[in-house]
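See structure below.
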Amino acid sequence: MEQKLGNLVKKNVVNSVFQGRSLLAEKDFTPMELEFLIDFALHLKALKKLGISHRYLEGKNIALLFEKTSTRTRSAFTTASIDLGAHPEFLGSNDIQLGKKESVEDTARVLGSMFDGIEFRGFKQSVVDDLARYSGVPVWNGLTDEWHPTQMLADFMTIKENFGHIKNINLSYMGDGRNNTANSLLITGSMLGANIRIVSPKELQPSEKTTELAKKFAEKSGSRFLITDNIDEGVSKTNVLYTDVWVSMGESDWEDRVKLLKPYQVNMETIRKTSTPDDQLIFMHCLPAFHDINTDYGHEIFEKYGIKEMEVTDEVFRSIYARQFEEAENRMHSIKAIMAATLGNLFIPHV
Ligand code: CP
Ligand code: NVA
């Protein structure tokens, strides 16, 4: 063992297969690398609970760029940076010139000269791709209109915590089947061997491009995915009922969505339709969620359309199946994992 380590050091091998890489979409990593990151996140969670220091990014500066609002992603990147010994700096869309007075390329070059890593949340995937192309430092996608990859690390970490494995888990996503979360679940699940069912009306099903990509990954991992508007078929014997908001950030067609998606609400009837034993079924939601009218939007929708709950009922949200808050906490542990692995010069010679 010592000899082997010595040879590796002599050969001056790169310390980590992850070092310097960006997470722009799930497909940037292999399925094995994603599983490694999930396991690493579980390890970092244990360290945090035990109060064991893990300051892998001592002295690093992290830029947090947000064009859209955020509670979890911003908090997770901030606390993860601090726990890792780095300094996070929040740069909201009204604070910097990005896109308005300065091109993405120029902004990326400037940020890359001062920061060691960049998180970006915004509209266009091309912006996060360009930040990575021109900054020369690792860039992590904190959500675009297309993908939500850091969410996936937390989600499949939560699944692994609950079931002990990811392979052969059935996950049924109900709702807007072509938003960022749905796209990412379909691809990540297909990569990791989970059977993803996108249960959505025809108008809101994944694009052909995303479906083709999922097919390629599913063939390799041996998983099966299903895209259907048939709720009974989509949720039968599932292990994870997952949903997301009906109208994503940057969209506004509430009336159409309420009409299209009302039948796809996750409620106790949906739970019954799964026929899954209680100990084999969980509910997940990336959050924020409209499960009551204690929000401005929730209240407005109630006044306009008379519904008090949208994608999930309050009953399911507070039920024994609910795991959305563990999932939210896991955002921090998993974001730590991706930041430390890609920026921390860790000794990970292969995965
Ligand atoms: N799930 C998620 O990304 O939450 P925020 O929008 O609060 O960051
Ligand atoms: N699909 C949602 C996810 C929020 C975390 C949105 O983009 O608004």
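Give the residues of segment 76-94 that are open to solvent by 20 Å² or more (accessible area, probe 1.4 Å) and farther than 24 Å from E146 by Cα, sorted by residue number.
Just the residues of segment 76-94 that are open to solvent by 20 Å² or more (accessible area, probe 1.4 Å), to begin with: 78-79, 82-83, 87-91, 93-94.
The answer is T79, I82, D83, H87, P88, E89.
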Every listed condition ((1) surrounded by fewer than 24 Cβ atoms within 10 Å (Cβ to Cβ); (2) within 16 Å of ligand 1 (Cβ to nearest atom); (3) farther than 24 Å from L343 by Cβ) holds for F217 save (2)
Going residue by residue through segment 127-137, is there one that turns out to be closer than 25 Å to Q324 by Cβ, of a type outside the set (D, E, K, R) and open to solvent by less than 10 Å² (accessible area, probe 1.4 Å)?
no
Of everything in segment 60-75, what is open to solvent by less than 10 Å² (accessible area, probe 1.4 Å) and away from ligand 1 (no atom under 14 Å from the Cβ)? Give them in sequence order.
I62, A63
Go through segment 145-169 and report how many residues are closer than 20 Å to E212 by Cα and surrounded by 24 or more Cβ atoms within 10 Å (Cβ to Cβ).
4
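Would you call L42 in contact (Cβ under 8 Å) with a residue 24 or more places away in the chain, in a strand (DSSP E or B) and of a type outside the set (G, A, S)? Reasoning before the result, please.
Values: in contact (Cβ under 8 Å) with a residue 24 or more places away in the chain: yes; in a strand (DSSP E or B): no; of a type outside the set (G, A, S): yes.
No, not satisfied.
Residues checked against (1) away from ligand 2 (no atom under 12 Å from the Cβ); (2) within 30 Å of H165 (Cα to Cα); (3) not hydrophobic (A, V, I, L, M, F, W, C):
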{"position": "D253", "(1), (2), (3)": "yes, no, yes"}
{"position": "L261", "(1), (2), (3)": "yes, no, no"}
{"position": "Y264", "(1), (2), (3)": "yes, yes, yes"}
{"position": "N267", "(1), (2), (3)": "yes, yes, yes"}
{"position": "T270", "(1), (2), (3)": "yes, yes, yes"}
{"position": "T276", "(1), (2), (3)": "yes, yes, yes"}
{"position": "I282", "(1), (2), (3)": "yes, yes, no"}
{"position": "F290", "(1), (2), (3)": "no, yes, no"}
{"position": "G298", "(1), (2), (3)": "yes, no, yes"}
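Are there strands (runs of 3 or more DSSP E) fully within segment 99-210 with at least 2 residues that are closer than 26 Å to R74 by Cα? List them.
117-121, 139-141, 170-174
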Could you check how many residues of segment 134-192 are of a type in the set (G, A, S) and within 19 Å of Y264 (Cβ to Cβ)?
6
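So for segment 100-112 (the condition being within 16 Å of ligand 2 (Cβ to nearest atom), over 20 Å from R21 (Cα atoms) and either open to solvent by 20 Å² or more (accessible area, probe 1.4 Å) or among the aliphatic types (A, V, I, L, M) (or both)), does at least one residue qualify?
Looking through segment 100-112, none of the residues is within 16 Å of ligand 2 (Cβ to nearest atom), over 20 Å from R21 (Cα atoms) and either open to solvent by 20 Å² or more (accessible area, probe 1.4 Å) or among the aliphatic types (A, V, I, L, M) (or both).
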Qualifying residue in segment 260-269 (condition: part of a helix (DSSP H, G or I), over 19 Å from A322 (Cβ atoms), more than 16 Å from ligand 1 (Cβ to nearest atom) and acidic (D, E))
no
Which fully enclosed helices (runs of 4 or more DSSP H) of segment 270-351 have 2 or more residues being open to solvent by less than 10 Å² (accessible area, probe 1.4 Å), closer than 30 Å to D83 by Cβ and not basic (K, R)?
324-343
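The values are calculated or read from the model by the stated rules, or taken from the named source; none is laboratory data. Just so it is clear, the model here is predicted, and its values are computed rather than measured. As a convention, Cβ positions derive from the backbone with ideal geometry for all residues, glycine included, and neighbour counts pool all protein chains shown. Heads up: the accessible areas ignore ligands, DNA and RNA and are worked out on the full protein's heavy atoms, side chains in. Shrake-Rupley method; radii C 1.70, N 1.55, O 1.52, S 1.80 Å.
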